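Just below is one structure, and these are the notes that go with it.
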Amino acid sequence: MDSPHLGRAEVSLRVPADGAYVSVLRTMTAGLAARLDFTVDDIEDLRIAVGEACALVLPQARPGGDLAAEFRQTPSTLEVSVRVETEGRAELDYESFAWQVLTTLADEATADAGERHLEVRFSSDSSLALPETSR
């Protein structure tokens, strides 16, 4: 995930690919967004978006595998990537409730489904950084 306006991952976290660890990613997301002075509403939207991204990738995770998350930051944007290794060809359900929620909450969302992996990336801008007329 190489974005021209965002550098290398500033924070990376690898946890077991198990739903019990999603709360760790949600908490980390909230902490990073708070550090960037996101509003309370923006932080909650990001926490929910991380949960939905995990809901998309975890069902296809290789048993015993890891859930990898990377976070990139600018003064007003947080970009998040969640990735799992799969046993075969991964498919993303773009009609799923999780994808619909994620794309509603994030400013941008993309997915990369490959032969042995599934990755969901999204980014969100702080509403504080937006011009007054676009709020």
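For the condition in contact with a helix residue (DSSP H, G or I) (Cβ under 7 Å, 6 or more places away or on another chain) and hydrophobic (A, V, I, L, M, F, W, C), what is the one hit in Ala109, Ala113? Steps first, please.
Details: Ala113 fails: in contact with a helix residue (DSSP H, G or I) (Cβ under 7 Å, 6 or more places away or on another chain).
Of the residues listed, the single one that is in contact with a helix residue (DSSP H, G or I) (Cβ under 7 Å, 6 or more places away or on another chain) and hydrophobic (A, V, I, L, M, F, W, C) is Ala109.
I need the full set of residues from the range 62-84 which are within 14 Å of Glu115 (Cα to Cα) and under 16 Å from the mean Cα position of the chain (by Cα), in order please.
Hits for the range 62-84 are Arg83, Val84.
Counting only strands (runs of 3 or more DSSP E) wholly contained in the range 53-115, the ones carrying 2 or more residues that are small (Gly, Ala, Ser) and more than 23 Å from Ala20 (Cβ to Cβ) occupy 108-113. On inspection, Gly31 does not qualify as of a type outside the set (Phe, Trp, Tyr) and outside any helix (DSSP H, G or I).
All of Asp2, Asp37 fail the test of being part of a loop (DSSP other than H, G, I, E, B), modelled with pLDDT under 95 and farther than 16 Å from Ser76 by Cα, apart from Asp2. Residues of the range 75-132 that are closer than 19 Å to Asp42 by Cβ, surrounded by 14 or more Cβ atoms within 10 Å (Cβ to Cβ) and among the hydroxyl-bearing types (Ser, Thr, Tyr): Ser76, Thr77, Ser81, Thr103, Ser123, Ser124, Ser126, Ser127. Going by the structure shown, is Ala61 at pLDDT 95 or above, within 17 Å of Ala109 (Cβ to Cβ) and among the aliphatic types (A, V, I, L, M)? So Ala61 fails the test.
The values are calculated or read from the model by the stated rules, or taken from the named source; none is laboratory data. What you see is a predicted model, and the numbers here were worked out from it, not measured in a lab. Don't worry about glycine lacking a Cβ; one is built from the backbone with ideal geometry, like all the others, and counts go over all protein chains shown.
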